[in-house]
């Protein structure tokens, strides 16, 4: 296993679509499957496994893993020419747990990131570090998706780094954002951030539609800030393997915990479910996605489990406080520390 090979749960093996595997060909109203030697697959168990992966009929160049315990089970090219992946469910669940495990170190380094933002933020400079600091400040305040050029070109939707000047207005220290995000969701914000508003006003005077650009120190040429720039900066400042997405996971978990703590302990299962659904709905509205997505991908599962057990308060320590985090964030830090 080399540096690019992911670590795996013990029941799975690493797999890659460069390995030998099964292929499919149209046959009547369905597909026939062939092994690496081109022989028709007749084994009913193998056929059932391949069919259960539910690869859309329109996908081309479909590859299926020979090993049912391979972490990557299939790949294919969709109608828009994009490569799509099907992973083993155990790999997906394990990867999600790993993602939530990173929340505690993220919480501990968040004040350090905020201090670095303050240090680099300069209204009079459009250096790379200064503009990145402005983007990270907005990321911290809004938990917006970071965005990338490919997704904007393919889907016409916008993230933080791909905002254009027309998406932003400033007045009296306020910043107004209005744009179409992933899934076609219209996102609107009004934030009182005088320093960021001043930076944005200067950025707005630069040529081109792209909002977040910086002047190269050597030749004064303009370069866009990308999601890669943001993620590399976060890793450098924190000395951790974190990314912009961690801000969304952090915010979703913090909001859900805060909403649940507003309620008295539920008296029965129905009330527990009602409180949980209400919290997830409120969180998903703020983050701009649906409650099932919020539950599955963004909220730490132990928060919901502790709520169902009526034990949320047991995980909170009133004495634990980290400077640089809000009261609500410190409650989440306390929770994460207790379950670690």
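Coordinate-derived values only; no laboratory data. Fair warning: this is a prediction, and the values are worked out from it, not measured in the lab. Quick reminder, even Gly has a Cβ in these numbers, built from the backbone with ideal geometry, and neighbours come from all protein chains shown.
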Practice task
Give the angle, between 0 and 90 degrees and rounded to the nearest 10, that separates the Cα long axis of helix 89-101 from the longest principal axis of the Cα atoms of the chain.
Solution key: 20 degrees
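Kindly put 326, 102 in sequence by how many other C-beta atoms sit within 10 Å of each C-beta, fewest to most. Working shown, then result.
Details: 326 10, 102 16.
So the residues, fewest neighbours to most, are 326, 102.
Between residue 115 and residue 232, take the C-beta separation as r, use R0 = 22 Å, and let me know the FRET efficiency to the nearest 0.05. Intermediate values should be presented prior to the final figure.
On the way: r = 18 Å, r/R0 = 0.84.
E between residue 115 and residue 232, to the nearest 0.05, is 0.75.
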Handout entry: Percentage relative contact order, the chain, counting C-alpha pairs under 8 Å, at least six apart
Key = 12 percent
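Using only the alpha carbon atoms of segment 177-289, find the Kirkwood hydrodynamic radius as the inverse mean reciprocal pair distance, in angstroms to one decimal. If you can, show how the numbers build up before the last one.
Values: mean 1/r = 0.0564 Å⁻¹.
Hydrodynamic radius (Kirkwood, Cα pairs) of segment 177-289 is 17.7 Å.
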Completion exercise
residue 191 and residue 264 label points (each 7 Å along its Cα→Cβ direction) are spaced in nm at 3.8 nm
Problem - Angle between the chain longest axis and helix 245-261 axis [Cα atoms, degrees, rounded to 10] - result: 80 degrees
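Relative contact order for segment 151-281: what is it in percent, counting Cα pairs under 8 Å that are at least 6 residues apart? Before the final figure, lay out the partial values.
Working: 134 pairs, mean separation 19.3, N = 131.
Rounded, it is 15 percent for segment 151-281.
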Exercise for the section: Could you list the square roots of 5 times each eigenvalue of the Cα gyration tensor of segment 89-185, that is, the equivalent ellipsoid semi-axes, sorted largest first and rounded to whole Å? Expected result: 27, 22, 11
Fill in the blank from the handout: residue 41 and residue 209 label points (each 7 Å along its Cα→Cβ direction) are spaced in nm at 4.4 nm
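Roughly what % antiparallel, to the nearest 5, for the DSSP beta bridges in the chain? Walk me through the numbers on the way to the answer.
Values: 31 of 32 bridges.
Percentage antiparallel, nearest 5: 95.
Run the numbers on segment 194-340 and let me know its relative contact order in percent, using alpha-carbon pairs under 8 Å that are six or more apart. All intermediate terms of the calculation are to be shown ahead of the outcome.
Numbers: 116 pairs, mean separation 23.9, N = 147.
Here the relative contact order equals 16 percent.
Is segment 38-80 best put as rounded, prolate or oblate by its Cα gyration tensor, with a ≥ b ≥ c the root eigenvalues, rounded for a/c under 1.5, and otherwise prolate when a/b is larger than b/c, oblate when not? Can you show the working numbers first?
Details: a/c = 1.90, a/b = 1.49, b/c = 1.27.
Prolate shape, in that a/c is at least 1.5 and a/b is the bigger ratio.
Hey, what's the Kirkwood Rh for segment 119-238 if you take every pair of different alpha carbons, in angstrom?
Working: mean 1/r = 0.0693 Å⁻¹.
This gives a value of 14.4 Å.
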Handout entry: Label-to-label distance, nm, for residues given as residue 149 and residue 305 (7 Å Cα→Cβ offset)
Key = 4.3 nm
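Evaluate E = 1/(1 + (r/R0)^6) for residue 25 and residue 165, where r is the Cβ-Cβ distance and R0 equals 45 Å; express this FRET efficiency to the nearest 0.05.
0.35
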Fill in the blank from the handout: With Cα coordinates, the longest principal axis of the chain makes an angle with the long axis of helix 194-204, in degrees rounded to 10, of 70 degrees
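Tell me the mean residue ellipticity at 222 nm calculated for the chain from its helices only (DSSP H runs of n ≥ 4, each -39500 (n - 2.57), averaged over every residue, nearest 500).
Values: 11 runs with 142 residues, N = 340.
Per the formula, -13000 deg cm²/dmol.
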Handout entry: Under 20 Å from the residue 340 label point (7 Å along Cα→beta-carbon), backbone N, segment 89-112
Key = 96-112
